[in-house]
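Structure record follows, encoded as structure tokens.
The values are calculated or read from the model by the stated rules, or taken from the named source; none is laboratory data. For clarity, every value in this text was computed on a predicted model and none was experimentally measured. So basically every Cβ, Gly included, is an ideal-geometry build from the backbone, and we count neighbours across all protein chains shown.
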Amino acid sequence: MLSKSAARSFFLIGTALCTAAFLLLTVDTLAQLKDRTHADQLTDSAKRGFKIWTANNCMGCHTILGEGAYYAPELTQVYSRRGPVWIKAFLQDPAAFYPGRRKMVKYDIFDPAKDDKAGQNRDDVIAWLQWVGTMETNGFPPKPDIVMNAAPSSGNIDNAAAKKALVGAPKSFTTLCMGCHKLAGQGGIVGPSLDGVAKRFDAAYLANWIRDPQAVKKGTTMPRLPLTDAQVDKLVKFLGRQK
């Protein structure tokens, strides 16, 4: 048992040491902050994107850098997972991607029919997410143990087989489809691999599937992508060569 005076001294000394450690760690963090966040790469567009992020309370559903709500996906590395084209299309009309499933609000500021600056607003938010993704976060968020994140859909192909398979691939394939699907070892694995897809499905089925996945298989997680008929035709022709 400690005497009353010894207990008081223990408390005061312990508090002083913990306070000093906290202050030193805070100073060290602040000293590294500029370099770890790459503050010199923070563009005016990214700053505007941050204002849009905060003004619309995006953290009320999403987390970023581990802060925010846990209702919707964590977005620290969303730029590298999905790529700018996918994100831009998704922001314009989230519900169109996952009819009856996606609960994200369709914001007027991202809709060209309702806001003349919709395109710029989406670009600004993407610039903000891109900058956040460059921060040095000591491995946060960690990669899932079972399902890997989708590979960057920016068109950075890093193996010869994939380069050969993607010859003549429509831009919509490399910027949208590869956010979830893999071809010749390149892409994401959220959806099934597209190697040999032409052996499994004919052109008519693929066209119907791409245009309206829910009509073909109700409840599927495949999104309804914002593609024109011409883009769908190009995708079907490209996929038709994957035998």
Criterion violated by Asn159 - all others in (1) modelled with pLDDT of 90 or more; (2) exposed (fewer than 14 other Cβ atoms within 10 Å of the Cβ) satisfied
(1)
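Against the definition (of a type in the set (Val, Ile, Thr), over 24 Å from Gln92 (Cα atoms) and in contact (Cβ under 8 Å) with a residue 40 or more places away in the chain), how does Val197 come out, yes or no?
yes
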For the subset of the range 81-96 comprising residues that are surrounded by fewer than 19 Cβ atoms within 10 Å (Cβ to Cβ) and hydrophobic (A, V, I, L, M, F, W, C), which member is nearest to Thr175 (Cα to Cα)?
Val85
Does any residue in the range 209-233 that is in a helix (DSSP H, G or I) come within less than 8 Å, Cβ to Cβ, of a residue that is of a type in the set (Phe, Trp, Tyr) six or more places away or on a different chain, and which pairs are these?
Trp209/Phe201; Val216/Tyr205; Val216/Trp209
Return yes when Tyr71 is under 18 Å from the mean Cα position of the chain (by Cα) and free of Cβ contacts under 8 Å to residues at least 24 places away in the same chain and no when it is not.
yes
Determine, yes or no, whether Pro99 is surrounded by 15 or more Cβ atoms within 10 Å (Cβ to Cβ) and modelled with pLDDT under 90.
no
